[in-house]
Structure formats: C-alpha cells, structure tokens
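Below is one structure, written out as structure tokens; the observations come after it.
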Amino acid sequence: MVPKESNPSRKRSSPGGYSESPCKAPSPGKWRSPRRCNGNRDEVRSVGENGNLSNGDLIGSPKSPRKELFRNSNQQLKWNPRDPAQMQTVKHALHVATPPAIVVCREKEQKNILEFCKSCFQQSKAGSLYVCGCPGTGKTLSIGKVKEYFLGWSKEVGVPSPDVLTINCTSLTSTSEIFSQMLVKFELSKGKATNTSPLQHLQDIFSQKKHQSGRMLLMIADEMDYLITRDHAVLHDLFMLTTLPFSRFILIGIANAIDLADRFLQKLEALNCKPVVITFRAYSKDQILKILQQRIMALGYDVFQPAALEYCARKVAATSGDIRKALDICRCAIEVLEAELKGSVTNKETEKVSFHHIETAISRSFKSPVVDIIQSLPQHQQVILCSFVRLSQHCKKNATTLAELNRSYSEICKSTQIRPVGMMDFASLCTALNDQGLLEIAQSRGDKSKKIKLKVDSSDITFALKGIRFFQNCWCDD
Amino acid sequence: MDTEKALALLRSRLYDPNYVHATFKSSEESNYCKLKFLIMNSISDSCNNSILLLGPRGSGKVAVVDLVLEDLKTQHPDSISVIRLNGLLHSDDNFALKASSDDNAGFMIDMLKECGLSHKSIIFVLDEFDLFAQGKQRLLYSLLDAMQTVSSQAVVIGVSCRLDADQLLEKRVRSRFSHRKLLFVPPSREDVRRLLEHILYLPKDIGLLSKYVAEFNSKIQDILNDKKFQEILDSILFIDGAINNLVQFLFRAVSSMSLESGLLSLENFKGSHLCYQRQPKTQILEGVSILELYILVCMNRLECKEQNSYNFNSVMKEYKAIHEAYKTSDNYRDSVCLRAFEHLLERELIGFVDNKGRNLSIEIQPVKLLISPHELYLGLKSRSSCPAILQKLFDHESFR
C-alpha cells in the first residue's frame with residue numbers, strides 16, 4: 001500500500017519549485033518528480049522521455065548515489081504489467097484524487113488570476129472575480145495553486161499575508177450562513193452588537209475606516225450557484241461587500257454557469273463593479289494529451305502506446321473535455337489489460353496498454369446500455385415496447401393510455417400467435433417497465449386512462465429487436 | 001423423517017438469497033466476480049472508486065453485494081467498514097429537519113477522514129440510488145467530492161432499478177462519479193438450468209438415506225428434461241425473468257411436495273404455475289346468475305356500438321330488443337333486472353362512470369363495464385349452463 005504523506009512534505013521536497021515564475025510551463029528538462037519517493041522504490045525514477053535531467057531534482061530518495069549511476073547509464077525501466085507494485089503505482093498516478101505538482105495547460109488562467117490578486121493587494125482595494133467552466137476543467141485545482149503562489153509571493157514581498165477562507169457552498173446549511181463563517185474566520189466579530197445580523201456587521205466594518213486591521217481578506221467560494229436563492233439576495237450582498245468604500249476583500253467565486261454574473265448581478269453592473277470573468281474552457285485534445293503524458297512521464301516507463309493515448313484524448317475532447325473522464329478511461333483500460341493478463345499464460349513481459357484496451361474502456365463508458373437491456377427483457381415486455389412503437393407510428397403521437405396500449409399489444413400477440421396476458425398482468429408489466437425507466441406512467445386517478453410516454457428512442461427499440469426472429473413480422477407491416 | 005428434512009432443506013435454500021445467488025459465484029463473467037475484483041483492487045490499491053449496479057427489481061443486485069461484502073469481511077476483517085444508505089430514507093428531501101441531513105453528511109465526511117487516517121476502507125452502499133438524485137443532490141456531491149481527496153479510501157456502490165440512473169445526476173456530480181456500470185440481466189436458459197440444479201439437487205452428505213437422495217435427484221432430472229416443464233418455465237420467464245420471480249415459483253412448487261412419496265413431481269410445478277394465471281374477474285363470473293350475464297352482454301353490445309355513455313334504462317332497452325328479436329324465455333321485469341344490476345355493482349363488475357351523480361337514481365346514472373370483453377368471453381365459455389343465445393350474441397359482435 002502506498003504510504004500516505006500529506007501535502008506539505010511534497011512541497012518540502014522541492015524547495016526551489018515556487019520561487020521562479022509559477023506560471024511558466026516547465027520544460028521537460030526541469031521536471032520535478034511529484035512522486036512520493038520512498039526508500040524501497042528504486043524502480044521509480046524521474047527520467048524524462050528524452051532522458052535528460054537537470055541537477056538536483058531527484059529529491060527525497062536516500063539512495064541518490066545509486067540513482068546517479070542509473071541515470072548516467074540512461075537505461076529506461078521496463079514496464080512489467082504483472083508486477084503488482086508497478087500496477088498500483090500507475091493506477092495511483094492516473095487517479096483523479098492524485099493532484100499533480102504543477103497544473104499544466106492552465107498557465108494563462110492562473111497568471112490572470114494571480115495578477116488580479118496582486119494588483120488588488122498592491123492597490124489595497126477590493127475586487128471580485130468569477131471563474132466559470134464545465135466540470136472537470138481544473139478550476140478548483142488551479143485556484144488552489146494560485147492561492148499557494150499568492151501566499152508565497154506575499155511572504156517574499158514582505159507584506160502581511162492575507163487571511164484566506166476557502167469554502168464549498170454545498171456544506172452550508174443555509175445560504176446566509178456564509179456571512180457568519182466569514183466573520184468567524186476573519187476574526188471580525190469583536191465589537192459586534194448582538195442583534196445585528198452577520199451581514200450587517202460585515203457591511204458596517206467595511207464602510208468605516210476605523211475597523212480596519214490592515215490585512216487583506218481573500219475568500220474563495222466554490223460551487224457558488226448553491227448560494228442562489230429566489231431573490232438572489234445572498235449572492236448580491238456578497239458581491240456588494242466588495243464595493244463598499246473601505247473593504248479590503250477579494251472574492252473569487254467558482255461555478256459552472258457562464259452567465260451567472262450577467263444573470264444575477266445586474267446591480268453590480270449598474271455600479272460599474274461587475275466581477276471579472278475568467279472562463280476555463282473545456283480541454284482540447286492536445287491539452288488532454290499533455291496532461292495525461294505529464295502524469296505518466298513521472299513514472300519513468302511507457303505504459304501506454306502513443307496511439308492509444310491520443311485516441312482517448314480525442315474521444316474525450318470531442319464529448320465533454322472533462323479531464324476526470326480521460327483519467328477514468330485510462331485507469332479502466334489498465335484494468336482491462338490486467339484482466340486480460342490474468343487469464344493468459346504468455347510470457348510477454350512488456351505488454352503495453354494498446355488501442356484495443358482503450359477502445360474497450362471507451363465503449364464501456366460511452367455506450368448506453370439501452371440496447372443491451374431491451375434485448376435482455378422478457379418477451380412480453382419486449383412486445384409491449386414494440387406495440388408502443390407501432391402505435392406511435394400509426395397515430396403519430398407520443399403519449400398513449402393503458403387501454404390503447406393493451407389493444408395494440410393484443411393485436412401483436414395475435415399476429416405472432418402467443419397468448420396475451422390479462423389486464424392485471426399487463427398493468428404490472430407496464431409498472432415494471434416504468435420502474436426501469438423505459439416507460440413513464442403519469443399519476444392519474446382512473447386506472448385505464450393513465451398517460452404513458454416512451455422514454456427510450458423508438459429507433460433504439462427497433463434496432464435492438466430487429467435481430468430477433470420473433471419480431472420480424474412486426475416490422476414488416478410498418 | 002427424511003422427507004421432512006429434505007423439504008426443510010429445500011425451503012431454507014430458497015429463502016436464502018445468498019445461497020441462490022451463489023450459483024454463479026464460480027463463473028468468471030458473473031457480476032459477482034466483477035464486483036469482487038473491483039472492490040478488492042480498490043482496497044489493495046487504496047484508491048477510490050465508484051460503481052453503479054443496474055437491473056430490474058428482483059434480479060439480485062443487493063444479494064450479490066451482500067455476498068461480496070461477506071467474502072471480503074472474512075478475508076480482510078479489519079480493513080473494511082460498510083455504511084448502508086437507502087434512498088427511501090436518507091435522500092435530501094425526505095428529511096424532516098434540514099439539520100439532521102447535514103449532520104449525516106458531516107458525519108459521513110468525518111468517518112471518511114477517520115478511516116483514511118487509520119487505513120481502513122469504507123464501502124458505501126446506496127440503495128435506491130435514483131432517489132438520491134432528486135433535489136439538489138447534496139449528499140451525493142459531498143460524498144463524491146470528499147472522495148476526490150487522497151486522504152480518503154472509499155468505494156461507493158449505487159444500486160438502482162432505473163437504467164438511466166446516471167443520467168439523472170447533475171453534471172458536476174456525474175463528472176465525479178466514474179462511469180462503471182454492472183448490468184444485471186435476466187439469466188439465460190443455461191444459467192436457469194444451472195440455478196435449478198443448484199437449488200433442487202439434494203446433497204449426499206447431510207445424513208439422508210443415499211437411496212432416497214439418488215431417487216430424488218433422478219426424478220428432478222427427469223422433470224427438468226421434460227418438455228412440458230420447459231413450457232411452463234418459458235411462460236413464467238416470458239413475463240418476468242428476474243431470479244426472484246423464479247424462486248417464488250419454485251417455493252410454491254416445493255411447498256406442495258407430497259410427504260408420502262417424498263419426491264417432487266411435475267404436478268407440483270403445474271399447480272404452482274396455475275397460481276400465476278389466476279384471473280380473478282373470470283372466477284367471479286362463474287358465480288354470477290344468468291340474468292346478470294345477460295345484462296353484461298347487453299352492456300358489451302352497447303359499448304361495441306360505440307355509445308359513449310349509457311345507463312340502466314338504455315341497457316334495458318337493449319335487453320328488450322334482444323328478447324323481441326330472439327324470443328327467449330328469460331324475459332324478466334324491470335324491478336328484477338334492477339336487483340341484478342345492483343348485484344353487479346356490488347361485485348364491481350360494472351361501475352359508475354364518475355361520482356358526480358350520486359344524488360340521482362341508479363337508473364339514470366351513466367355506467368361502464370369494469371371487465372374486458374376477453375374476460376367476459378372466457379367467463380361465458382366456462383359456464384356450462386350459459387344459454388347458447390348469449391354466446392351467439394357475443395360472437396356476433398365479431399369480438400376477435
């Protein structure tokens with residue numbers, strides 16, 4: 001089992017890592033290994049693919065002299081999929097929960113956010129920033145890094161470092177609790193009269209000079225759309241806090257909706273202090289490929305065939321651009337390889353993850369199981385779906401009632417010469433289909449007049465059933 | 001007595017879902033093996049994973065989860081803890097007080113951290129997963145978000161009968177939930193055969209007479225190979241292929257085993273099958289009087305003539321018209337017919353169209369039939385004392 005080391009130790013292991021401009025993309029030569037090196041992990045080396053290293057970046061390993069020897073001989077380690085330790089390492093490297101040391105492909109966005117924070121800091125004024133983007137585009141991760149850089153920078157420059165509050169809005173019991181949390185964290189509750197609400201107290205503090213302690217306050221609100229209430233009051237008030245004359249409060253909000261600022265914060269636009277919007281676009285194919293390669297390079301051996309990785313990146317970029325999905329597919333492909341090797345007895349030592357494995361993993365994740373499920377339904381339930389399709393083709397409407405469906409069902413049963421089930425059984429079959437999400441039965445009082453809608457595409461049903469001889473007569477009539 | 005012991009053994013097997021689903025433990029492609037492989041890998045690699053089990057009701061999803069968890073507990077007794085949540089009880093909107101739901105979510109996150117520190121894995125089993133996806137999906141989001149950190153080791157197993165359960169998730173929750181799905185499909189013919197053999201064959205080593213055991217098992221084999229048994233099995237599986245359904249059918253058959261012979265016979269299975277085919281309304285028709293049958297047939301004729309609403313008076317008109325046309329002997333007065341009509345209302349073979357006209361008299365309230373023409377037809381056929389005229393009237397409407 002991989003020993004757990006908390007984050008600070010990783011930072012400690014690369015002391016010089018954050019003094020250079022943090023948003024410059026590292027060249028492969030300066031690659032720092034993010035691996036939590038352990039004494040007995042000789043095999044894991046941070047060799048770049050082209051084999052050149054800069055000095056001093058094999059850190060944390062007590063056996064460095066030996067490693068120097070290996071490094072000079074420029075031997076690349078062989079990937080042995082049957083070695084459980086290597087397997088475990090690879091899976092760890094590709095897990096979504098394992099954060100990389102440097103966040104690639106988001107340098108521009110990180111730079112923008114950092115510049116914004118620095119300028120607010122230097123001018124001692126408040127500001128608000130809104131970060132938006134689809135899930136899995138690296139927002140929370142990037143902002144976490146920016147926070148670290150910002151704290152580091154403030155130490156260097158010698159100013160008192162700001163108070164930082166990171167809050168995920170899903171953990172709030174009520175939306176206005178955010179203000180009381182702010183008060184607690186920023187230790188502003190001294191001098192608070194007992195009957196003012198937290199929001200009012202904050203507004204008082206920020207409008208009067210005498211309450212200032214001289215420190216900047218930085219707040220990062222994740223999943224900000226949970227703060228949206230019907231009258232948009234909480235969100236408004238939160239952003240308005242940055243417009244008060246003496247507020248030294250930087251607010252960074254993160255959410256998925258691109259137009260959140262436009263829709264909910266019109267008053268701010270009137271006051272000419274709309275938040276700066278930074279969009280994290282969905283990852284492109286090259287970006288996904290780069291991120292995957294970064295993670296695998298750290299391992300020191302080639303696990304994937306290049307064509308396989310590229311196919312994965314292409315497919316994910318075309319659908320959602322969500323890096324979590326790409327990592328998941330890669331892990332799944334490794335599991336497919338593992339399962340394959342378990343059964344076989346070949347002596348092939350270095351079996352990489354090929355295009356075929358990635359394809360299996362992708363089909364498992366992207367293919368909808370509808371067709372399989374329809375093909376595996378009991379016969380009468382298939383006939384019911386078939387009769388619905390027929391009915392909708394004849395009558396050109398999507399909804400029907402139980403009685404009409406029963407009639408269509410009996411016709412098909414007659415033509416295929418099977419005995420139709422009685423009305424009670426028919427109703428329970430429809431309920432079973434409703435439970436599975438294939439039909440939707442609306443709640444209504446009369447038993448026979450309930451509206452039924454088909455939730456599956458009728459072309460899926462036709463496709464699923466066309467291979468079955470039993471149903472071939474049904475389609476001939478249409 | 002040996003036969004009693006055998007009967008008790010069979011019944012206890014059928015009642016134990018672990019035994020029933022253990023049939024497929026040994027095959028590599030079964031869901032049991034796949035789930036076990038996944039969970040064991042997650043525990044040994046100490047990484048987080050999530051999986052959805054989908055399948056119709058009664059297909060054994062929770063049973064397979066229980067089997068896997070039992071096995072894992074015996075293999076790794078100290079490194080697993082299991083938390084079970086049910087969508088009917090624990091989803092967001094079902095909480096009376098908001099505070100308790102957040103306490104639960106907070107409790108779960110704390111448990112995750114604790115167990116992560118002590119290198120234990122938690123396995124969350126979320127039953128009725130689609131109900132968690134209602135509302136704001138806070139519980140799911142907090143759970144899945146907590147799993148994105150390295151300090152937790154958890155496996156989330158979602159169980160649902162809705163096949164599109166993952167489409168119900170919000171996109172940020174879906175992004176954090178891995179796409180793995182295990183489908184529970186109804187067993188194939190070979191699998192059904194294996195299941196039957198696994199359940200019904202008596203073992204040789206439990207203290208029963210070996211001669212009896214051999215006789216019992218050979219009788220079972222004859223039954224399983226019998227074509228009629230295949231037909232019965234087919235007609236049950238064509239309606240509901242879930243294993244649960246099959247087990248109920250077997251239980252009825254086994255319970256009706258005769259204790260004198262001590263052997264199962266095809267009649268037991270046939271009797272169990274008949275229970276599945278009960279048509280209550282047709283059975284009621286067997287006890288209905290001839291006049292009442294007349295009234296039902298008249299109403300059916302009116303419905304076939306597409307008269308949308310009719311009442312007792314119109315039925316009477318039809319009744320008289322029939323008698324004039326065919327000169328039957330069953331001509332009764334209105335008051336007698338009204339009594340018959342009321343009987344039919346009580347038995348709910350006919351009913352009022354709506355409740356609005358409660359204060360009107362019975363004769364003018366609109367009524368409708370509550371049985372289908374097919375059921376009426378079966379009822380007429382099964383009555384030996386039914387006058388031929390009724391059959392003829394019925395067939396005449398070309399009910400086909």
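Taking the condition in a strand (DSSP E or B) and in contact with a helix residue (DSSP H, G or I) (Cβ under 6 Å, 6 or more places away or on another chain), does residue A:251 pass? Spell out how you get there, then give the answer.
Details: in a strand (DSSP E or B): yes; in contact with a helix residue (DSSP H, G or I) (Cβ under 6 Å, 6 or more places away or on another chain): yes.
When the stated conditions are applied, residue A:251 passes them.
For the stretch A:256-266, indicate whether the set of residues that are surrounded by fewer than 17 Cβ atoms within 10 Å (Cβ to Cβ), in contact (Cβ under 8 Å) with a residue 24 or more places away in the chain and not in a loop (DSSP other than H, G, I, E, B) is non-empty. Walk me through it before giving the result.
Initial filter on the stretch A:256-266 (surrounded by fewer than 17 Cβ atoms within 10 Å (Cβ to Cβ)): A:257-259, A:262-263, A:266.
Next, from what is left, pick out any that are in contact (Cβ under 8 Å) with a residue 24 or more places away in the chain: A:257-258.
Still in the list and also not in a loop (DSSP other than H, G, I, E, B): none.
Within the stretch A:256-266, not a single residue is surrounded by fewer than 17 Cβ atoms within 10 Å (Cβ to Cβ), in contact (Cβ under 8 Å) with a residue 24 or more places away in the chain and not in a loop (DSSP other than H, G, I, E, B).
Out of the helices (runs of 4 or more DSSP H) lying entirely within the stretch B:234-290, which hold 3 or more residues that are more than 21 Å from residue B:198 (Cα to Cα) and facing chain A (nearest Cβ under 9 Å)?
On the way: elements: B:243-255, B:266-276, B:280-285.
Correct list: B:280-285.
Condition first: small (Gly, Ala, Ser) and over 27 Å from the mean Cα position of the chain (by Cα). Can you find one or more residues in the stretch A:313-333 that meet it?
Initially, the stretch A:313-333 is screened for residues small (Gly, Ala, Ser), giving A:313, A:317-318, A:320-321, A:326, A:333.
Those left that are additionally over 27 Å from the mean Cα position of the chain (by Cα): none.
Among the residues of the stretch A:313-333, not one is small (Gly, Ala, Ser) and over 27 Å from the mean Cα position of the chain (by Cα), which makes the answer no.
Taking the conditions exactly as written (modelled with pLDDT of 80 or more and crowded, with 20+ Cβ neighbours inside 10 Å), does residue B:131 satisfy them or not?
Working: modelled with pLDDT of 80 or more: yes; crowded, with 20+ Cβ neighbours inside 10 Å: yes.
Yes, satisfied.
Could you list, in sequence order, all residues of the stretch B:312-347 that are modelled with pLDDT under 85 and farther than 14 Å from residue B:393 by Cβ?
B:329, B:331, B:332, B:333, B:334
Name the residues in the stretch A:160-186 that are in contact (Cβ under 8 Å) with a residue 24 or more places away in the chain and loosely packed, with under 15 Cβ neighbours inside 10 Å, would you?
Scanning the stretch A:160-186 gives a single hit, A:160.
Limited to the stretch B:111-126, what total is found for residues that are within 14 Å of chain A (Cβ to nearest Cβ) and touching a residue at least 40 places away in the same chain (Cβ under 8 Å)?
Going through the stretch B:111-126, the residues within 14 Å of chain A (Cβ to nearest Cβ) turn out to be B:112-121.
Now restrict to residues that are touching a residue at least 40 places away in the same chain (Cβ under 8 Å): B:112, B:119-121.
Summing the residues that are within 14 Å of chain A (Cβ to nearest Cβ) and touching a residue at least 40 places away in the same chain (Cβ under 8 Å) in the stretch B:111-126 gives 4.
Any residue in the stretch B:338-352 that is in contact with a strand residue (DSSP E or B) (Cβ under 6 Å, 6 or more places away or on another chain) and under 20 Å from residue B:390 (Cα atoms)?
Yes: one or more hits.
Output the residues belonging to the stretch A:293-311 that are hydrophobic (A, V, I, L, M, F, W, C), in contact with a Phe, Trp or Tyr (Cβ under 9 Å, 6 or more places away or on another chain) and either within 13 Å of chain B (Cβ to nearest Cβ) or closer than 12 Å to residue A:90 by Cα (or both).
Applying the first criterion (hydrophobic (A, V, I, L, M, F, W, C)) to the stretch A:293-311 yields A:296-299, A:303-304, A:307-309.
Of the ones still in play, those that are also in contact with a Phe, Trp or Tyr (Cβ under 9 Å, 6 or more places away or on another chain) are A:296-299, A:303, A:307-308.
Scanning the stretch A:293-311 gives A:296, A:297, A:298, A:299, A:303.
Pick from B:38, B:52: which is part of a strand (DSSP E or B) and either modelled with pLDDT of 90 or more or within 9 Å of chain A (Cβ to nearest Cβ) (or both)?
On the way: B:38 fails: part of a strand (DSSP E or B).
From the options B:38, B:52, the qualifying one is B:52.
Assess whether residue A:119 counts as being more than 14 Å from chain B (Cβ to nearest Cβ), out of contact with any Lys or Arg (no Cβ under 8 Å at 6 or more places or on another chain), assigned to a strand (DSSP E or B) and not aliphatic (A, V, I, L, M).
no
If you take the residues in the stretch B:147-165 that are outside any loop (DSSP other than H, G, I, E, B) and at the interface with another protein chain (Cβ under 10 Å from one of its Cβ atoms), which one is surrounded by the most Cβ atoms within 10 Å (Cβ to Cβ)? Before the answer, list the steps.
Narrowing the stretch B:147-165 to residues outside any loop (DSSP other than H, G, I, E, B): B:154-160, B:165.
If we keep only those that are at the interface with another protein chain (Cβ under 10 Å from one of its Cβ atoms) as well, we get B:160, B:165.
Numbers: B:160: 26, B:165: 22.
This residue is B:160.
The values are calculated or read from the model by the stated rules, or taken from the named source; none is laboratory data. From a predicted model like this one, the values you see are computed outputs, not experimental measurements. FYI the Cβ positions are ideal-geometry reconstructions off the backbone, even for glycines, and counts take in every protein chain you see.
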